C-alpha cells in the first residue's frame, strides 16, 4: 500500500470520528444529577460541580440514581428488580434475588434515612424486592405503578426491611 493511500484512509477515519463526536448525544444526556436530586429541599436546580457529575451505571451512588432516572417508565425490568439494582451500578448476576442480596449484604440498617444510592429492601414476595434510595427518604425501583419509577417514601410498598450501604454489588 502506498503512503498516500494510507494517509488518505487515516484522514477519512479522523474525519468520521470527528463528525460522530459532534453529532452524537452525550452519554448521560437527561440523566445529570442536580443539587435538587441530592437535596430537593434546597429548591435549586444548579448543577453540581463538574467533578461530581457521573454517568448512569458507573458504579457510584449518583450514577445508580442516574441509571434509574434514565429508565423511568420502562417496563423491561418488571420482575427483575435485583437485575435493575445491579445494572444501576454497572454489574449484573451477583445475587439471585432481592432476598439473597438482603441476606448476603452487610451492614444492615432497619431505621434511618437510607443515603443516596443505598439499596432498600422489602419482603413482599418469595424473591423480595429491592430498589435504590434517593437520599431523601424515597427510592427508585421497578414495580412502581408497573414500571421503573420513584416512590417518595420507603412506605410505598408493605413490609419494608431496611437498607444496606451504596456499593457495587459483590458477594
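Where a number appears in this text, it was derived from the coordinates with a stated rule and is not lab data. Small disclaimer: the values here were computed from a predicted structure and weren't measured. Here the Cβ positions follow ideal geometry from the backbone for every residue, glycine too, while neighbour counts run over all protein chains shown.
Here are the numbers:
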read-out: Filtered residue count, the stretch 139-164, keeping only those that are over 14 Å from the mean Cα position of the chain (by Cα) and closer than 12 Å to residue 120 by Cα; value: 12
read-out: Filter result for residue 121 (closer than 19 Å to residue 67 by Cα and either in contact (Cβ under 8 Å) with a residue 60 or more places away in the chain or assigned to a helix (DSSP H, G or I) (or both)); value: no
read-out: Selection from the stretch 133-165 of residues that are touching a residue at least 40 places away in the same chain (Cβ under 8 Å), surrounded by 19 or more Cβ atoms within 10 Å (Cβ to Cβ) and over 13 Å from residue 101 (Cα atoms); value: 134, 135, 140, 141, 142, 143, 148, 149, 154
read-out: Subset of the stretch 55-100 (residues that are assigned to a helix (DSSP H, G or I), over 8 Å from the mean Cα position of the chain (by Cα) and free of Cβ contacts under 8 Å to residues at least 40 places away in the same chain); value: 83, 98, 99, 100
read-out: Pick from the stretch 101-118, criterion in contact (Cβ under 8 Å) with a residue 12 or more places away in the chain and outside any loop (DSSP other than H, G, I, E, B), ranking: nearest to the chain's Cα centre (by Cα); value: 101
